[in-house]
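Right, one structure below, let's go through it.
The values are calculated or read from the model by the stated rules, or taken from the named source; none is laboratory data. Keep in mind that what you see is a predicted model, and the values were worked out from it rather than measured. Cβ placement follows ideal geometry from the backbone for every residue including glycine, while neighbour counts extend to all protein chains displayed. SASA here: full protein model, heavy atoms, side chains in, ligands and nucleic acids out. Shrake-Rupley method; radii C 1.70, N 1.55, O 1.52, S 1.80 Å.
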Amino acid sequence: MADTSHIVGGGPKKVLYTLATIARMGVGKAGKALTAKNACKACAYGMGGQRGGMTNELNEFPSVCNKSVQAQSTDIQPAIPHEVFAHPMADLQELTGREMEHLGRLGTPLFKAVGADRYVPVDWDFAIEYAAKKLAATDPQRSFFYSSGRSSNEAGFLFQLLARAYGTNNVNNCSYYCHQATSEGLATTIGKGTASVELEDLTGADLIFVIGANPSSNHPRFIHMLKNCRERGGEVIVINPAKEPGLVKFAVPKSPSSMLKGGSEIASDYVQPRIGSDIALMKGIAKAVLEMGYEDRAFIAAHSSGFAGFEADLKALSWDEITSACGISVEDIEHIATRYGQAERVVFAWGMGMTHHIHGVANVEAIANLATLRGMVGKRYAGLLPLRGHSNVQGIGTIGVKPVLAKDVLAKMEAEFGVKFPEEKGFDTMACLKAAEAGEIDAAVIMGGNLWGATPDTAFASRAMEAIGFKLFLTTTLNMGHVHGLGDGEVLVLPVTARDEEWEPTTQESMFNYVRLSDGGIRRLDNVRPESWILGELGQRLLPNSPIEFKAFSAHSKVRNAIAAIVPGLEELADIDVAKKEFHIKHRVMHTPEFGTPDGKAHFVVTPLPVLQRERLTLATMRSEGQFNTIIYEEKDSYRGGAGRHAVFLNGEDMAAFGVSEGQAVTLASDTGRMTAIATLFDLPRGSAMAYYPEANVLVGTEVDPRSKTPAFKSVPVWIEV
C-alpha cells in the first residue's frame, strides 16, 4: 500500500494557498467578496447570507474554506479580452480545464453561426432576439432545458416556468448526475428526499458515519464538525475504499490547537470495502446489530413497517456471502456494529460514492435501513445527511427544475398563472442526451454547469451535443463544454452575473434545508446580466401572448411570492427580502419520528446484493482537492501526493500482478473507451482503482440506475494495458 501517513489535510499549506489566492485577487476585492451578505457559491454545506459572508447558521465565524476562496477567485477575474475570440475553436479546444477557468470572466454575449469555426462577440439585443427566434421555430417537444446547481431559486423557478409555458417538460438539473439516487432512496424509506438533520444536530452526535465521501477535499467545513465530535469523546467511522489522508488526519485552519499539533485525528475507525460492495457491508452491520441485540425494538414496533421482511432477508444471508462480497472480515464488521450499537445519537453522512452506481438508490435505502434499525432518524442529534455538492442544487430541485412535478404543485402553478402546462413525462438528463444523439433534439437551453464535461462516455457526449442544432448557454465563465461538442450548429453564450453581483436579492437552499438570502449588488463587469433578466426578456419575446408577463415577472420579489404560494414549505419566502429572516424549510428536519410516507412510518426496504464484475478492476472516478465539480483550479492533488490529472490509483499487489511500476504510463481501458494514465500507488483494496473526473469520463458507460437515472461513475469495470 502507498504510504500516505505523512500527508495531513488542511494545515499551513492550505492557509498559504488561500493567502496567495487572495493576494492574486487583491485583498480589497477578496475581502468584499468574502464578507458580503451572499451565500457561498461552492458546496451545499452552506455559509454566508444575512449573518455575513463567512458565518453559518450557528453563527460560527470564520466559516470559510479553500473551496469558497477558489470560487470567489473565479468571480472577480477581469473580462476575457475580445482578442481571444479571434482564435478559431480548434485553438480553444487545446486549452485544459484549468486554463479555460483562468481565461477570465465572460464579459460579452458570443455567437457561433452555422458552420463557423469561432465565436463572434455580439450585443444583447441581437442575442435575445436571435434566441427567441430560434426557439420559436423549434417544436418544444424537440428541446430540453438543463440547469446546474449554481443558479438562484428565483432564476430556477423562472427557468422551469418558461420551459413549461413554452411547451416542454424536458426540464432537468445536475442532480441526475449526482444525488438523485439519494432523493429516490430517501423517498421510499422516510418519505422525504433531503437531509433529516440540521447543522446543529452535528454538534450533539456521539457517532458520525462518513460513507462514500471525501469531505476533506469536497466539504472541508464538515471536517470541523468531525474534529469536534472526536474532541468531545465521540467517534467518526469512515467507510471508503480509498484511505484518504485528509480523513485520517486534518489540520483545521480555524483551530489553533489543531494546527499546532500538526493535525487532528478524524477517523476513529476506517473501513475499506471493495468498490461497489457497500450494500453487503451495510447488511453485515445490520445483521451484527440484530445478532448482538442492539436494535431498538420499541422504535421498530411503533414507527416502522417492513421489518419482518428485512429481518428475514438478513437471517437468510450468510456471513460468507457478506465477507466475500465486501472484503471486510466478520470481526471488523462486528466491531463497527458494536460501536454503532453503543452510540446514542448517530448521524449517517454520505456522498456520491453511494449514488454513482447502477444500484445507487438501493445503497441509500441500505443506509436508511441501518439508521431505522436503531431509531436513529426522527430524533435530535441523529439522522441522515447526504453531502450534496453544488451550493443550490437542492433548491433548484425544490422549486421545480425537474421533469415531473408533484400533481399538487403543478395544479397550483396552473391556477396561479392561468396556463395549462404539458402533461407528458419529461426526459431526465441522460434521456435528453440519448434523444439528442438519436437526432430528436433541435434546441437546448443550458443554464450554468458543463453538461458536456459532466456526461459519461465523452465520445457519446460529443455526438449528442453536436447533434443539437441550436444551443443557448448562460454562464459566468467559459468552460470546456463551450468549446467541445458544438458541431456545425448555432451557439449563443450569454454572460451572467455571479451570485454577489445580482441586481436584486436572491435565495439559495443548503443541504440542511436552510434557505439563505443573498444581497447581490457588487458591480464588477458592465456587460453581464442576471439570469432572471435574460429569462424574462427571452420569455417576453418568445411567448408575447402568454398570460405570464415574463419581463415583469422576472422581478425577484414577484417570483418569490409565486414560489411561496405554490411550493409547500416555502411560504416564508414571500417576505424574506423584507424580514431578512432566513429559515429551514418546513416538515423536512426530523426531530420526532413523523415520516413523510403515506402511513407516517419509516419503511425498511430489502436491498438485494448487486452482482459485481470481479474478474476486472472496478474503477471509481473522483475529484481532487483543487477541483469543484468539473472546474479545475489546480492540476496537482496535494492530498494524494501531488498526483496529476491523469493518474490512475492502484493497489500495490495489483500493480505487481500487472507488472506495472510507480509512475509508469499505461492504457486504462473499459468497454466504453481508453485513456493514457500514470500508474500511481495508493491505499486501496485489491481489485479497486481510482481516476479523476472528468478526464476518466471517457471510460464510463451511459447505463443508468433504473430508478434514479444516475450513471455509474463509481463502479466501472476496467483493465490495464501496458
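Taking the numbered list (1) out of contact with any Phe, Trp or Tyr (no Cβ under 6 Å at 6 or more places or on another chain); (2) within 20 Å of Asp139 (Cβ to Cβ) in turn, Glu504 passes all entries but (2). List every residue pair whose Cβ atoms lie under 7 Å apart, where the two residues are 6 or more positions apart in sequence or sit on different chains, the first residue falls within segment 340-355 and is crowded, with 24+ Cβ neighbours inside 10 Å, and the second residue, located anywhere, is among the acidic types (Asp, Glu). Within 7 Å, the pairs are Val347/Asp201; Met354/Asp278. The set of residues from segment 136-151 being in contact (Cβ under 8 Å) with a residue 24 or more places away in the chain, surrounded by fewer than 22 Cβ atoms within 10 Å (Cβ to Cβ) and among the hydrophobic types (A, V, I, L, M, F, W, C) comprises just one member, Ala136.
In this structure, is Pro88 open to solvent by less than 40 Å² (accessible area, probe 1.4 Å), free of Cβ contacts under 8 Å to residues at least 60 places away in the same chain and more than 30 Å from Pro253 (Cβ to Cβ)?
Judged against the criteria, Pro88 is a match.
Scanning segment 475-500 for residues that are crowded, with 22+ Cβ neighbours inside 10 Å and among the acidic types (Asp, Glu) yields a single hit, Asp500. Quick check on my filter: what residues within segment 364-377 are in a loop (DSSP other than H, G, I, E, B) and either without any contact (Cβ under 8 Å) to a residue 12 or more places away in the chain or buried (at least 24 other Cβ atoms within 10 Å of the Cβ) (or both)? Of everything in segment 364-377, those that are in a loop (DSSP other than H, G, I, E, B) and either without any contact (Cβ under 8 Å) to a residue 12 or more places away in the chain or buried (at least 24 other Cβ atoms within 10 Å of the Cβ) (or both) turn out to be Met376, Val377. Listed by position, the helices (runs of 4 or more DSSP H) contained in segment 49-129 that have at least 2 residues being among the small types (Gly, Ala, Ser) are 66-75. Name every residue in segment 445-502 that is over 30 Å from Ser557 (Cα atoms), in contact (Cβ under 8 Å) with a residue 60 or more places away in the chain and among the β-branched types (Val, Ile, Thr), in order of residue number. Once the filter is applied, which keeps residues that are over 30 Å from Ser557 (Cα atoms), in contact (Cβ under 8 Å) with a residue 60 or more places away in the chain and among the β-branched types (Val, Ile, Thr), segment 445-502 yields Thr455, Thr458, Val483, Val491. Just one of Leu158, Leu162, Leu135, Leu186 is under 14 Å from Ile396 (Cβ atoms) and of a type in the set (A, V, I, L, M); which is it? Selected residue: Leu158, the only one of Leu158, Leu162, Leu135, Leu186 that is under 14 Å from Ile396 (Cβ atoms) and of a type in the set (A, V, I, L, M).
Does segment 212-222 contain any residue that is more than 19 Å from Met622 (Cβ to Cβ) and modelled with pLDDT of 95 or more? No, because not a single residue in segment 212-222 is more than 19 Å from Met622 (Cβ to Cβ) and modelled with pLDDT of 95 or more.
Rundown of residues vs (1) hydrophobic (A, V, I, L, M, F, W, C); (2) more than 19 Å from the chain's Cα centre (by Cα), yes/no style:
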{"position": "Arg380", "(1), (2)": "no, yes"}
{"position": "Leu387", "(1), (2)": "yes, no"}
{"position": "Ala406", "(1), (2)": "yes, yes"}
{"position": "Glu414", "(1), (2)": "no, yes"}
{"position": "Phe421", "(1), (2)": "yes, yes"}
{"position": "Phe427", "(1), (2)": "yes, yes"}
{"position": "Ala454", "(1), (2)": "yes, no"}
{"position": "Ala459", "(1), (2)": "yes, yes"}
{"position": "Gly481", "(1), (2)": "no, no"}
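Taken over segment 91-110, the criterion of being hydrophobic (A, V, I, L, M, F, W, C) and surrounded by fewer than 19 Cβ atoms within 10 Å (Cβ to Cβ) is satisfied by Leu95, Leu103. Residues that are open to solvent by less than 10 Å² (accessible area, probe 1.4 Å) and over 22 Å from Ala132 (Cα atoms) within segment 455-474 comprise Thr455, Pro456, Phe460, Ala461, Ala464, listed in sequence order. For segment 124-139, the set of residues classified as under 11 Å from Ala443 (Cα atoms) and within 33 Å of the chain's Cα centre (by Cα) consists of Ala131, Lys134, Leu135, Ala136, Thr138, Asp139, listed by residue number. The set of residues from segment 111-120 being under 16 Å from Ile80 (Cβ atoms) and open to solvent by 50 Å² or more (accessible area, probe 1.4 Å) comprises Arg118, Val120. In the set (1) within 19 Å of His356 (Cβ to Cβ); (2) of a type outside the set (Gly, Ala, Ser); (3) open to solvent by 30 Å² or more (accessible area, probe 1.4 Å), Met622 fails one condition alone, (3). Pairing residues of segment 659-677 that are surrounded by 11 or more Cβ atoms within 10 Å (Cβ to Cβ) with residues that are of a type in the set (Lys, Arg), at Cβ distances under 6 Å and at least 6 apart in sequence or on separate chains, gives Thr667/Arg674.
Rundown of residues vs (1) out of contact with any Lys or Arg (no Cβ under 7 Å at 6 or more places or on another chain); (2) small (Gly, Ala, Ser); (3) under 28 Å from Ile563 (Cα atoms), yes/no style:
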site	(1), (2), (3)
Ala368	yes, yes, no
Ala382	no, yes, no
Leu385	yes, no, yes
Gly395	yes, yes, yes
Ile399	yes, no, yes
Phe417	yes, no, yes
Lys425	yes, no, yes
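Here Lys29 meets each of (1) among the basic types (Lys, Arg); (2) over 15 Å from Gly626 (Cβ atoms); (3) at pLDDT 90 or above with one exception, condition (3). Looking at Val611, Val648, Val589, just one residue is open to solvent by 50 Å² or more (accessible area, probe 1.4 Å) and among the aliphatic types (A, V, I, L, M), and that residue is Val611. If the condition is being without any contact (Cβ under 8 Å) to a residue 40 or more places away in the chain, surrounded by fewer than 16 Cβ atoms within 10 Å (Cβ to Cβ) and among the charged types (D, E, K, R), then segment 294-330 contributes Arg297, Lys315, Asp320.
For Asn527, the conditions (1) under 21 Å from Lys133 (Cβ atoms); (2) open to solvent by 10 Å² or more (accessible area, probe 1.4 Å); (3) in contact with a Pro (Cβ under 8 Å, 6 or more places away or on another chain); (4) not hydrophobic (A, V, I, L, M, F, W, C) are fulfilled apart from (1). Of the residues making up segment 557-586, just one is open to solvent by 50 Å² or more (accessible area, probe 1.4 Å), part of a loop (DSSP other than H, G, I, E, B), under 30 Å from Gly375 (Cβ atoms) and in contact (Cβ under 8 Å) with a residue 60 or more places away in the chain, namely Pro568. If you take the residues in segment 256-282 that are part of a loop (DSSP other than H, G, I, E, B) and among the hydrophobic types (A, V, I, L, M, F, W, C), which one is surrounded by the most Cβ atoms within 10 Å (Cβ to Cβ)? Among residues in segment 256-282 that are part of a loop (DSSP other than H, G, I, E, B) and among the hydrophobic types (A, V, I, L, M, F, W, C), the one surrounded by the most Cβ atoms within 10 Å (Cβ to Cβ) is Ile275. Considering the conditions (1) modelled with pLDDT of 95 or more; (2) more than 23 Å from Leu538 (Cα to Cα), Ala406 is excluded by exactly one of them, (1). Restricting attention to segment 629-669, the residues that are of a type in the set (Phe, Trp, Tyr), closer than 30 Å to Tyr176 by Cβ and not in a loop (DSSP other than H, G, I, E, B) add up to 2. From the list Ser216, Ser268, Ser277, Ser255, the one residue that fits, being among the small types (Gly, Ala, Ser), closer than 27 Å to Lys315 by Cβ and in contact with a helix residue (DSSP H, G or I) (Cβ under 8 Å, 6 or more places away or on another chain), is Ser277. Residue count for segment 538-556 satisfying the condition of being open to solvent by less than 50 Å² (accessible area, probe 1.4 Å), touching a residue at least 24 places away in the same chain (Cβ under 8 Å) and over 17 Å from Asp125 (Cβ atoms): 6. Look at Ala620 and say whether it is outside any loop (DSSP other than H, G, I, E, B) and touching a strand residue (DSSP E or B) at 6+ places or on another chain (Cβ under 9 Å). When the stated conditions are applied, Ala620 passes them.
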